[in-house]
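Beneath this line is the structure, given in structure tokens, with notes to follow.
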Amino acid sequence: MPRCCDITFCIALMLALAANATAQQSGFRWECDSTDRHSRFYRADLGVVCWDGKTFSKENGGIPQYMLDYFEQNRRKVQQEVEEMNRHIAELKAAHPGNSATVRPVTPVPNATATVARAEAAPTVPVSPQVFASIDVGMPRSAVLEKLGKPPGAITIPGDDGFVEIWTYQLTDGSSAKLNIEKGAVASRDPKSAERER
């Protein structure tokens, strides 16, 4: 799925799409920019697909099914990521019911850039290095929460294969340790803090 890496480019792209929609209403035919060979857009409202610099529509022979499948797969992926984020927000609300008004559900935004969702502050309860060392890569998220409790510091960011959570724990020896949670399981951890006690 294409991502905007430059804010100026994103704004220009949105203005161009708005201008194209206005032009379409006045009878102007919307076409892809032939110099932009890596763009893939689906204008469902117009029944037009821009696929690597070529325009496909019902008027010029139809839109191939593999293109429609590609955009449907991306739509489902975004919807799954949004549902996962909303589940995570619901967990945060359940953990902090008095502050639930400060966290709102996520709604999908087409061609959105990466956003960062910061977890609510939790009371800091230090974890012993030995207990943190017992967390293995692949351990389910729920098992980590049972062993270590909610992390005092956590951020969630969109990644290529879904959302990535970065949890930071304070250890009883005064250091801190981090866990990366992907697809509901530990993907990696701060090796310095964990390996020291094994």
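The values are calculated or read from the model by the stated rules, or taken from the named source; none is laboratory data. Remember, it's a predicted structure, so these values are computed and weren't measured experimentally. Note: ideal-geometry Cβ built from the backbone for every residue, glycine included; neighbour counts use all protein chains shown.
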TODO: Only residues that are at pLDDT below 85, part of a loop (DSSP other than H, G, I, E, B) and in contact with a strand residue (DSSP E or B) (Cβ under 6 Å, 6 or more places away or on another chain): list them for segment 106-151, please.
DONE: Ala114, Val116, Ala119, Thr124
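Could you grab me the full set of residues in segment 171-186 that are of a type outside the set (Gly, Ala, Ser), touching a residue at least 40 places away in the same chain (Cβ under 8 Å) and closer than 19 Å to Ser142 by Cα?
Within segment 171-186, the first condition is being of a type outside the set (Gly, Ala, Ser), and the residues that meet it are 171-173, 178-183, 186.
Narrowing the set further to residues that are touching a residue at least 40 places away in the same chain (Cβ under 8 Å) leaves 171-173, 179, 181, 186.
Once the filter is applied, which keeps residues that are of a type outside the set (Gly, Ala, Ser), touching a residue at least 40 places away in the same chain (Cβ under 8 Å) and closer than 19 Å to Ser142 by Cα, segment 171-186 yields Leu179, Ile181, Val186.
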- [ ] Could you list all residues from segment 155-176 that are surrounded by 14 or more Cβ atoms within 10 Å (Cβ to Cβ) and modelled with pLDDT under 85?
- [x] Thr156, Pro158, Gly159, Gly162, Phe163
Task: Every residue from segment 147-183 that is out of contact with any Ser or Thr (no Cβ under 6 Å at 6 or more places or on another chain) and polar (S, T, N, Q) - done: Thr156
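Collect the residues in segment 44-89 that are of a type in the set (Lys, Arg) and without any contact (Cβ under 8 Å) to a residue 24 or more places away in the chain, keeping them in residue-number order.
Hits for segment 44-89 are Lys54, Lys58, Arg75, Arg76, Arg87.
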